[in-house]
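The structure under discussion appears below in the form of C-alpha cells.
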Amino acid sequence: MNQNKLFNRTRSHLAISYAAVMGLILSLLGFGVYKAIAHAHWVAIDRELASVAGTLHDSLEIKLQQPGKLEPIVNELLPNLRVTGVNGWKKSQPNRHILTALDQSYYYIRLFDYSGNLIATAGTYPATLPPTFNPQYWQTITDIKGNIYHQISVALHTKTQEDWGYFQVGRSLQDFHNYLNTVKLILKLGLPTALISIAFSSWLLAGLAMKPIYASYRQIQQFTADAAHELRTPLAASQATVESALLMPQLDEKEAREILRTIDRQNRRLTQLVTDLLLLARMDSQTNDGAKSVSEALEEDRPQLCCLNDLVSDLVEELAVVARSSEVALISEIRVQQQLKVVGDADQLYRLVTNLIVNAIQYTPAGGKVTAILDCSHQEAIIQVQDTGFGIAEADLARIFDRFYRVNSDRSRHTGGSGLGLAIAQTIARAHRGSLSARSQVGFGSTFLLRLPL
C-alpha cells in the first residue's frame, strides 16, 4: 500500500484532516480551559477581597470615635500602619494579627476621609500607586510601572454611625498573572506536542482504516486481470478460427462443421465463464448489501428441504461416467441411517457438491479413487470428498478458494477449468450458513470438508 501513490495521497489527506480537526478541537478546549481557570481565580480573588474588607470594616467601625481621625488602637488591627504626613505615629506590637491575610506581600489598605484625601496606608502598600480616590465599589487599577491591582472600596463610619470616610482593600495581581502565564505556557507547549502525537496516530489509524479498502482494491485489480485473461483465451481462439476460415478460398461441408464446432466450444466456454462470474457477483452483492442468506430467504418465503442422502447418491451415479472416462473409481459412503435434510437451494447445493467431485476426478491420476462421504455431527451435516490425487502444497492450500487461482494452470486449461469452481463452492456454502475447508498432502491426495446446519 505504501508504494501506491493514490492510496498514499489519500492516507496523507486523511491523516491531515484528522490532525486538523483534532487540533481545532483541542485548541477550542484549551481556550475554554484557560478561560474557566481565569474566571475561577478571578472569582476567588473577589471573594477573598470582599471577605478581608468585610472583616476589617466591621472591626474598624467599633473602634473609630471621631470622623477623619485614627485611634491608636487601630494599629493593632492593621500591621505596618502609616499615617500620611505623620512620622511619629506610635505603633503597638500586638501579640497576634486579627487578619493574617495582610501579612501577605500582595495586600494593602488605604483610608480616605470623606473629601477623598489619603489619611493612612497599611500592609504592603506600593509607593507607585496613585493616591487619588475612586468611590467605585470594585476597581482594577494600574500604577506608573504598569503593575495591575484589584481593590474594593467601602464607606466607613464611626462607632456612633457618623460618616468617617472610605476604606479600601486591594491586592497585587502579579501572582494571578504569573499563574495564568504558567497555564498559557503549559497549553502552548502541550498543544503542539499533542498535535504531533495526533498526527502520528492519525497516520497509523488512516493506514489501518485503509488496509481492508486496499485489500479490496487489489482483489478487484487481480479479479479484473484474471477475468480479462480468461475471456481473452476463448475469444482469441474463436478469432483465430474465423480468420483461418476466411483465408481459405473455399470450404467443404466437413471443414465448415469443424470450424463451427470449434467456435461453438469456445462460445460455450465463454458462456459458462460469464455465468459463473454473474453468479459470484450476485452472491457478493447479497452479502455486501446485507441481504438475507439463501437459507433465511427460503425459511421465510417458501421453506425448501434438500435431502443430502439423495443428493450424494444421485451425483455419484451421474458422475460415474466422467470418472470412468478418466479411469478413476468413484464411490459413495453413507455413514448415517436417517435422512439428513438442510434448508437451502437444491440446485446450488447440487452445483457445490458437483464442483467438488469433478475437481477431485480431474486432479486424480488414472487408477486413483474418489470417495464421497456423508456423515453428521452436532446438528451438522458433513460431506467429505476424498481423492488419491496429486495433493496440494501447503503454500497453495490457503489460496485454492480464490477466484481464478489454479494449482496447476496447464492441467486446468487442458481440462477446461477456469479457476472459479472452488470459489463458487465456497460462496454457496457461506450462503447456506455453512463452511467449506480443505486439507491435503502432496502425493497423498486431498479431502474437502463441507459442513451444513441441519
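Quick note: the coordinates plus some simple rules give every number you see, no bench work behind them. These numbers were taken from a predicted model, which means no experiment stands behind them. Positions of Cβ are backbone-derived with ideal geometry, glycine not excepted, and every protein chain shown enters the neighbour counts.
Distance between the pseudo-spin-label points of TYR179 and GLN219 (7 Å out from Cα toward the beta carbon): 6.0 nm. A full extension of the chain between GLU327 and VAL33 corresponds to an added length of 97.5 nm, given 0.36 nm per residue minus the alpha carbon distance. The separation of the stretch 252-273 from the stretch 114-182, counted between C-alpha centres, amounts to 109 Å. Suppose R0 equals 35 Å. What FRET efficiency, 1/(1 + (r/R0)^6) with r the Cβ-Cβ distance, do THR128 and LEU191 give to the nearest 0.05? Working from the Cβ atoms, E equals 0.45.
So between GLU380 and LYS254, what do we pick up on full extension, going 0.36 nm a residue minus the alpha carbon distance?
Numbers: separation 126, 0.36 × 126 = 45.36 nm, distance 5.51 nm.
In short, 39.9 nm is gained.
Simple spin-label estimate for PHE200 and LEU305 gives 6.4 nm between the two label positions (7 Å along the Cα-to-Cβ direction from each Cα). Return the label of the correct value of Cα Rg over 2.2 N^0.38 Å, as calculated from the structure shown, out of (i) 0.90; (ii) 2.11; (iii) 1.07. Label (ii) holds the value from this structure. Of LYS35/LYS188; LYS5/LYS211; LYS341/LYS369; LYS35/LYS145, which ones are farther than 22 Å apart at the Cα? Result: LYS341/LYS369; LYS35/LYS145 exceed 22 Å.
With a cut-off of at most 10 other beta carbons within 10 Å, and DSSP calling the residue loop, which trypsin sites (Lys or Arg not before Pro) in the stretch 302-361 qualify? Please list them.
When the trypsin sites (Lys or Arg not before Pro) of the stretch 302-361 are filtered for loop state and at most 10 Cβ neighbours within 10 Å, ARG335 remain.
Please compute the length gained on full extension between LEU454 and ILE25, using 0.36 nm multiplied by the number of residues separating them and subtracting their Cα-Cα distance. It would help to have the intermediate numbers written out before the result.
Numbers: separation 429, 0.36 × 429 = 154.44 nm, distance 5.42 nm.
Working it through step by step, the gained length comes to 149.0 nm.
To the nearest 10 degrees, how steep is helix 346-362 against the longest Cα principal axis of the chain, on a 0 to 90 scale? Around 70 degrees separate the two axes.
I'd like the orientation of helix 5-61 relative to the chain: the angle between its Cα long axis and the longest Cα principal axis, in ° from 0 to 90, rounded to 10. The two axes meet at around 20 degrees. Taking the longest Cα principal axis of the chain as reference, the axis of helix 421-431 is set at about 50 degrees.
Only one residue of PRO67, TYR166, PHE31 has its Cα farthest out toward the positive end of the dipole of the stretch 5-180, where Lys and Arg carry +1 and Asp and Glu -1 on Cβ, and that residue is PHE31.
Between LEU246 and GLN272, take the C-beta separation as r, use R0 = 22 Å, and let me know the FRET efficiency to the nearest 0.05. Numbers along the way, then the final one.
Working: r = 27 Å, r/R0 = 1.22.
Once rounded, the FRET efficiency stands at 0.25.
Cα centroid distance between the stretch 422-441 and the stretch 187-249, in Å? Using only Cα atoms to place each centre, the spacing works out to 25 Å.
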